[in-house]
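Here the structure is laid out as structure tokens; the discussion comes afterwards.
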Amino acid sequence: MTPTGLSTDVRTGMRRTVLISGAGVCGPALAYWLHRSGYVVTVVEKAGAPREGGYPVDIRGTALEVVRRMGIAHRLREAHVDSRRVTFLDADGGEIASLTPHTVAGGVAGQDLEVRRGDLAAILHALVRDDVEFLFNDSIDTLDQSGQGVDVTFRSGRRRTFDLVAGADGTHSHTRERLFGPEEQFHRYLGYCFALFTMPNTFGLSREVVLWNTPGRAAALYAVADNDELHAFLNFRQPRPPAGVLHSPDAQRDLVTRVFAGAGWEVAGLVRALRDADDLFFDTAGQIRLPHWSSGRVALVGDAAYAPSFLTGQGTSLALAGAYMLAHALATHQDHTAAFTAYERGMRGFAAMNQALAGKGAATLFPATARALAQRDTMLRGLVTMPSTTARPAHSALTLPGPAPVS
Ligand SMILES: Cc1cc2nc3c(=O)[nH]c(=O)nc-3n(C[C@H](O)[C@H](O)[C@H](O)COP(=O)(O)OP(=O)(O)OC[C@H]3O[C@@H](n4cnc5c(N)ncnc54)[C@H](O)[C@@H]3O)c2cc1C
């Protein structure tokens, strides 16, 4: 995307201004494209810096073309984690099957990228930090659209007016809440809770994932490269979202301890590590489904608009593709309402197709009943002898508009 003149306000002759809430994956990607098409961009992030570390995420299908057009594909390839295998274990720790990650996730070996979330956020931030204003340690307090633009007050007390605002502030987006109301209306609970934390790699695991299952319970260890720390993951079926737990780490630790009591393999050690962890992240698995992604001069993008949940492995790819589609719509329509309509028209089908992958993800990774687990294990053993060779169509179902720059 190159400047088209549409980023200039016809009334004032000034370049249009946009505020993006959130410097995760989607926010800096959107900032990159909007800056390239001539917008003056500010990003506000509640954390003090781009968040480091974190579990690995996948970039697949259409999103690979987005990062290629951004000129960062080679840097991401250097950061590629390149997990070699996923080993599935039964209740006692016996091996059921060991497969390549692509066979499990329906991706394309040699093309898909798997990078630490923190590495991706740092690469995106480095790409735009000299061209875009970043306000760290701050967030939007109020949005007022009654005038010619959006009057924003920040938590810090600053006040500024922008032509447009984009909410890229993740699944629990405050921008969305200010626009459309409480999250409960739009959050589709998928029946699982999970706890994520790091622990010492005392297992000697390297470039691999180990996944233990019993019906409705799963424990995973994710070894990135030869790191001496593991990403541990405890996931369990919970028919209704647990009350009073989401804001209390102590209650989260107690709930997970109860759910995994008596579990075999090394799970007791994982639960002990969870109790000691200082980086525990607990949440419910859920999707965001909204009837509209914008209101007035404010639009939502990435997880804030259409979080697909980790069960799809497509959150990052959707965030990157959505940032491109929103910026492209704003670069090709003078009127923001027309641009937001075009963005939604271009992106909705792709988001829906990828959200629909959650059921398959749950069936493969977290079977909830003994019967479903037995069927899953049979399917895995079949994949060992005859691996699937086709990529999931949903990953590449969006063709990016606009010319592909020659690299
Ligand atoms: C356990 C787990 C495993 C996952 N596994 C995968 C995977 O394998 N593959 C994959 O593709 N995706 C995975 N994801 C999802 C992926 O991380 C997200 O879908 C993706 O990062 C979406 O990007 P985003 O920028 O929209 O949101 P986020 O990455 O959540 O970024 C939002 C940003 O907004 C900031 N923010 C929040 N509130 C405010 C506020 N009020 N004001 C200012 N800033 C704010 C946050 O600090 C953050 O920096 C996983 C997610 C989880 C939780």
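Across region 233-319, the relative contact order, built from alpha-carbon pairs under 8 Å that are at least six residues apart, equals 19 percent. Report note on the peptides 33-44, 309-320, 122-133, 143-154: ranked by the mean count of other C-beta atoms within 10 Å, highest first, their order is 309-320, 33-44, 122-133, 143-154. Would you kindly give the portion of the calculated P(r) for region 174-232 that falls above 17 Å, as a percent of all Cα pairs? For region 174-232, the share of Cα pairs beyond 17 Å comes to 56 percent. If eta is 1.002 mPa s and T is 20 °C, what Stokes-Einstein diffusion coefficient results for region 72-200, Kirkwood Rh from Cα pairs, in µm²/s? After rounding, the answer is 110 µm²/s.
Based on other C-beta atoms within 10 Å, arrange M325, M386 from fewest to most. Numbers along the way, then the final one.
Details: M325 28, M386 7.
With the fewest neighbours first, M325, M386 line up as M386, M325.
Taking one quarter of the surface of the convex hull spanned by the alpha-carbon atoms of region 258-371 gives a direction-averaged projected area of 9.8 nm². Between A49 and D151, how high is the FRET efficiency from 1/(1 + (r/R0)^6) when r is the Cβ-Cβ distance and R₀ = 22 Å? Nearest 0.05. About 0.20, to the nearest 0.05. The largest-to-smallest principal axis extents of the Cα set in region 230-272 are 29, 20, 17 Å.
Projected onto its three principal axes, the C-alpha set of region 1-150 covers 68, 32, 26 Å, listed from the longest axis down. Take the convex hull of the alpha carbons in region 189-314; its mean projected area over all directions comes to 9.4 nm². Taking one quarter of the surface of the convex hull spanned by the alpha-carbon atoms of the chain gives a direction-averaged projected area of 19.4 nm². At a Förster radius of 60 Å, what calculated FRET efficiency corresponds to the Cβ-Cβ distance of S98 and R159, to the nearest 0.05? For R0 = 60 Å, the calculated efficiency reads 0.55.
What is the diffusion coefficient of region 122-185 in µm²/s, taking the Kirkwood radius over Cα pairs and the Stokes-Einstein relation at 20 °C with a viscosity of 1.002 mPa s? Using the Kirkwood radius from Cα pairs, D works out to 160 µm²/s.
Its residue count N fixes a reference of 2.2 N^0.38 Å for region 325-407, and the Cα radius of gyration divided by that reference is 1.63. Given labels modelled 7 Å from the Cα in the Cβ direction, how far is it in nm from H74 to D9? Distance between the two pseudo-spin positions: 4.0 nm. In the chain, the DSSP-assigned H stretches of four residues or longer account for a calculated mean residue ellipticity at 222 nm of -10000 deg cm²/dmol, using -39500 (n - 2.57) per stretch and the full residue count as denominator. Here the spin labels are modelled as points 7 Å beyond Cα on the Cα-Cβ line, and at D250 and A225 they lie 3.9 nm apart. Given +1 at the Cβ of Lys and Arg, -1 at the Cβ of Asp and Glu and no other charges, the dipole of the chain around its Cα centre is 920 debye to the nearest 20. Remark: relative contact order (the chain) = 22 percent; criterion is Cα-Cα distance under 8 angstrom and separation of 6 or more residues. Normalised by the number of residues in region 1-56, the average gap of Cα pairs under 8 Å and 6 or more apart makes the relative contact order 39 percent.
Bear in mind these aren't lab numbers, they're just calculated from the coordinates by the rules spelled out. Treat the numbers as computed from the prediction; the structure is a model and nothing was measured. For neighbour counting, all protein chains shown are included, and Cβ atoms are generated from backbone atoms with ideal geometry for every residue, glycine included.
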